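The block underneath contains the structure these notes are about, expressed in structure tokens.
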Amino acid sequence: MQINKVKEKMTDLLSDVFDGATIMVGGFGEAGSPIELLHGLIDHGAKNLTIIANNAGNGNVGLGALIGQKQVKKVICSFPRSPKGITFADQYNKGEIELEVVPQGTLAERIRAAGAGIPGFYTATAVGTPLAEGKEEKIFNGKKYILEEALHADFALIKAEVSDRYGNLVYNKTARNFNPIMSMAAKNTLVQAKEIVQPNFTNPEHVITPGIFVQKIIEVKEPIIETIAIEEGLTYP
Amino acid sequence: MININSNNILKGWDRNTIAEKIANDLPHGAYVNLGIGMPELVSQYIKDDREIIYHSENGLLGMGPSPNENEIDYDLINAGKKPVTILPGGSFCHHADSFSMIRGGHIDYCVLGAMEISVKGDLANWSTGKGIPAVGGAMDLVAGAKNVFVMTQHLTKEGKSKLVKECSLPLTGANVVSRVYSDYAVMQITDIGFKVLQLNTNITLDYLKSVTEGNVYQ
């Protein structure tokens, strides 16, 4: 019997997601954002989610749409403002959604640390700023650092360019961004790939995320492009 | 607090001239991160006697200019989420590696804008204290880059000095700024104040002192 992590149906891919789950969402802006998986999550209906992502959605597609459906109770991100980030802004201004702002590099490193089994680390980023308040300080070689803790998740929603049935992933250009480190940090990594190929078609030298970090994969041949979707006024559902 | 009547604000260098001054101070072979907005102008003024490598913190080293309309690829964007290109010799990496370039002290220069800069080199440029807080990579850049250059107007439109004794806005970093390029002067931050490296010919040192809090010296 062969290992095969590929699912045909979105409902099979998302079947383990539960209310109150912490979910990492790959992408930086629209590049690498798993829009179809987020729409699948809207259909699934899980609520009270904590989302870890760089942004908090744009327009009414993908993460913006998930927030619009009031399925998210908290967002942990570095930059929750987008030109058309209406759904998050609306709920934030009404006090309906929690926000934890994290410097972008600290966010990336907290995610990386979780995937690498490192519970925390010291960093110079944010020392002396409001985002260091309440954090343990330590001096190394005369310079001040703050303690930051690893960020774990129950699930990661990942967008890749190519996968095989093992979940060996290759990304496209700057759509790589948070996807490889989130794949490593979550208990369950769920992937949408534009193309699923035979294992001997992924060059072992070029695999960015080795399959050990991936649990389930679905093929989405022509994913939505956020900019075009927003221009065309697409909303989901 | 210094507050000049807006009718008495002297005209300084335009933004292109400031960008050119910064470009001339970036050495051959430097790895540089340019902030979104005004700092992006710097790349237009790099002379042919040097090659500069641009880093975009979303995971691109060797960033090139904007693409033509028919070459836009929404998977190839910069930190401002605008389509860009990659130059020969460029590379992609994930976010933790990209920020290791910053946090690990590998980026030689970052150039960014400011709301306030203190005489101690504190920078405030991410939050007015109102609205939805959003920091992005600014705190990592100022903490990690070897040289932090600030490109800014000396005074706000209302005539308030941006160069202050103590920042009143939330800090991006404490004691992080290396040099300030304003429309009035180029100033190095030293242990004893703002050291003037270059003064706009329309501006006297006395005027510069009158629009700058903290010690200004030549």
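The values are calculated or read from the model by the stated rules, or taken from the named source; none is laboratory data. Bear in mind that the values here come from a model prediction, so they are computed numbers and not experimental data. Backbone-built Cβ (ideal geometry, glycine too); neighbour counts: all protein chains shown.
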Starting from region A:159-178, keep only residues that are at the interface with chain B (Cβ under 7 Å from one of its Cβ atoms) and more than 17 Å from residue A:221 (Cα to Cα), then list their pairs with residues that are surrounded by fewer than 20 Cβ atoms within 10 Å (Cβ to Cβ) and at pLDDT 95 or above whose Cβ atoms are within a distance under 7 Å, requiring at least 6 positions of separation or different chains. A:173/B:73; A:173/B:75; A:174/B:75; A:176/A:208
If you scan region A:172-193, which residues turn out to be under 12 Å from residue B:92 (Cα atoms), more than 14 Å from the chain's Cα centre (by Cα) and not in a helix (DSSP H, G or I)? A:172
Looking only at region A:121-138, count how many residues are exposed (fewer than 14 other Cβ atoms within 10 Å of the Cβ) and either under 22 Å from the mean Cα position of the chain (by Cα) or outside any loop (DSSP other than H, G, I, E, B) (or both). 2
Within region B:178-196, take every residue that is surrounded by fewer than 16 Cβ atoms within 10 Å (Cβ to Cβ) and without any contact (Cβ under 8 Å) to a residue 24 or more places away in the chain and give me the one that is farthest from the other protein chains (Cβ to nearest Cβ). B:188
So residue A:193, is it more than 10 Å from chain B (Cβ to nearest Cβ), surrounded by 22 or more Cβ atoms within 10 Å (Cβ to Cβ) and either under 30 Å from residue B:174 (Cα atoms) or at pLDDT 95 or above (or both): yes
Qualifying positions in region A:10-53 - without any contact (Cβ under 8 Å) to a residue 60 or more places away in the chain and among the charged types (D, E, K, R): A:19, A:47
Within region A:214-225, does at least one residue satisfy the condition of being within 19 Å of residue A:108 (Cα to Cα) and surrounded by 14 or more Cβ atoms within 10 Å (Cβ to Cβ)? yes
List, please: which pairs have Cβ atoms under 6 Å, are six or more places apart or on different chains, and start with a residue in region A:182-197 that is within 17 Å of residue A:35 (Cβ to Cβ) and end with one that is of a type in the set (Lys, Arg) and surrounded by fewer than 22 Cβ atoms within 10 Å (Cβ to Cβ)? A:190/A:216
Quick one: what pairs do we get from region A:201-227, first residue within 14 Å of residue A:6 (Cα to Cα) and of a type in the set (D, E, K, R), second assigned to a helix (DSSP H, G or I) and at pLDDT 95 or above, C-beta under 9 Å, 6+ apart or different chains? A:216/A:12; A:216/A:13
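Residue by residue, here is whether (1) surrounded by 19 or more Cβ atoms within 10 Å (Cβ to Cβ); (2) within 12 Å of chain A (Cβ to nearest Cβ); (3) under 21 Å from residue A:161 (Cα atoms); (4) of a type in the set (S, T, N, Q) holds:
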position: B:49; (1), (2), (3), (4): no, no, no, no
position: B:54; (1), (2), (3), (4): yes, no, no, no
position: B:66; (1), (2), (3), (4): no, no, no, yes
position: B:73; (1), (2), (3), (4): no, yes, yes, no
position: B:78; (1), (2), (3), (4): yes, yes, yes, yes
position: B:81; (1), (2), (3), (4): yes, yes, yes, no
position: B:87; (1), (2), (3), (4): no, no, no, no
position: B:90; (1), (2), (3), (4): no, yes, yes, no
Within region A:139-153, does at least one residue satisfy the condition of being touching a Phe, Trp or Tyr at 6+ places or on another chain (Cβ under 8 Å), buried (at least 22 other Cβ atoms within 10 Å of the Cβ) and either among the small types (Gly, Ala, Ser) or not in a loop (DSSP other than H, G, I, E, B) (or both)? yes
Residue by residue through region B:128-159, note down the ones that are touching a helix residue (DSSP H, G or I) at 6+ places or on another chain (Cβ under 8 Å), among the small types (Gly, Ala, Ser) and modelled with pLDDT of 95 or more. B:136, B:137, B:143, B:144, B:145
Kindly list the number of the only condition in (1) buried (at least 24 other Cβ atoms within 10 Å of the Cβ); (2) modelled with pLDDT of 95 or more; (3) not aromatic (Phe, Trp, Tyr) that fails for residue A:30. (2)
Candidate set from region A:91-130 (those that are of a type in the set (Gly, Ala, Ser) and facing chain B (nearest Cβ under 7 Å)); member that is farthest from residue B:174 (Cα to Cα): A:108
Which residues, counting only those in region B:192-218, are hydrophobic (A, V, I, L, M, F, W, C) and in a helix (DSSP H, G or I)? B:205, B:208
Just name the residue that is nearest to the other protein chains (Cβ to nearest Cβ) out of those in region B:139-177 that are touching a residue at least 60 places away in the same chain (Cβ under 8 Å), more than 15 Å from residue B:118 (Cα to Cα) and crowded, with 24+ Cβ neighbours inside 10 Å. B:140
